[in-house]
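Structure first, commentary second.
The values are calculated or read from the model by the stated rules, or taken from the named source; none is laboratory data. These numbers come from a predicted model, not from an experiment. With ideal geometry, Cβ positions are generated from the backbone for all residues, glycine too; neighbour counts draw on all protein chains shown. To get the accessible areas, we keep the full protein, side chains included, count just its heavy atoms, and leave off ligands, DNA and RNA. Shrake-Rupley method; radii C 1.70, N 1.55, O 1.52, S 1.80 Å.
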Amino acid sequence: MSILTFTLILLLGAYLAGLLGSLTGLGGGVVVIPLLTLVFGVDIRYAIGAALLASIATSSGSASAYVKEGITNIRLGMFLEIATTIGAVIGALIAVYTPTNTIAMLFGFVLIFSAAMTLRKKNQSALTEGSPLSYKLKLNSTYPTPNGEVPYKLKNIGAGFSIMTVAGVLSGLLGIGSGALKVLAMDATMHIPFKVSTTTSNFMIGVTAAASAVVYLQRGYMDPGIAFPVIIGVLAGAFTGSKLLTRMDPKVLRIIFCVAITFVALEMIYNGYHHKF
């Protein structure tokens, strides 16, 4: 395969990854990494490096729009980024010394968990009473709706912070945003309305990825020939997905995509178990 053919196929694959990731909320990394490792036979560490750079690009683009709309809780995001950034650096350092087969198997298990999390019932209600720590740290806020501003309060701040640390470790180790774990921490544990938890998670992903990307860069796992078409493709796909999302109901697509992702995850686990990476 020539370099031009490789680049064009990778560009198209990354575009579809960004499109599907945007429509389902799983992020482009869950498609890009299996595409690079299973289809092109790229070392998983180089695939993770490219996926981290793509996460930084897409998060920077979409997060700014949500911040402008007033949905993102910036204070909460900055507080939880302390946990995710520490976790991301730890995860990236672990990844450098972890066998690629182990990383591939763990990636598969996290994919299955992420797929299951996208199908669970979302928390749409807002709490009227928060924990003392949420008042002390001034984390309670409001978000806009067609009927005006809706106030919400937070609970279980400590538990949410702990889950975010684990999400950061997985992000650094596997190169994906760990959005499912972040939303679990904010949506299920801290009882934040789903719209706020997803937009705040998106705001945080870029910072978390940047922290672990530094370690991958220092270790030489950033290949411009792989990373550049991945970033361009995922960015274009995410932009298209954000436009389509307002015109279509993604529920059916989400179910189909989750089934497909589960098959990909099983393939990653199988290949990792049989030392094919």
Cleavage-rule hits, trypsin sites (Lys or Arg not before Pro), region 139-222, DSSP coil, Cβ neighbours within 10 Å at most 15: 219
Share of carbon and sulfur in the accessible heavy-atom surface of the chain [1.4 Å probe, %]: 68 percent
Extended-chain gain in nm, criterion 0.36 nm per residue less alpha-carbon gap, residue 228 and residue 11: 77.2 nm
R0 of 41 Å, Cβ-Cβ distance residue 78-residue 273: FRET efficiency to nearest 0.05: 0.55
37 °C / 0.692 mPa s Stokes-Einstein diffusion coefficient of the chain, Kirkwood radius on C-alpha pairs, µm²/s: 176 µm²/s
16 Å reach of a label modelled at residue 3, 7 Å along Cα-to-Cβ, counting backbone N of region 203-238: 223-230
Where labels lie 7 Å past Cα in the beta-carbon direction, separation of residue 69 and residue 266 in nm: 3.6 nm
Modelled FRET efficiency - R0 51 Å, residue 142 with residue 93, Cβ distances, 0.05 increments: 0.85
Cα-based helix-to-principal-axis angle, 3-24 vs the chain, degrees rounded to 10: 20 degrees
Segment residue 217-residue 155, extension gain: residue separation times 0.36 nm, minus the distance between their alpha carbons: 18.6 nm
Furthest towards positive pole of dipole, 148, 117, 190, structure part the chain, Cβ charges: 148
Whole-number accessible area per residue in Å² for the chain, which is evaluated in the context of all protein chains at 1.4 Å: 46 Å²
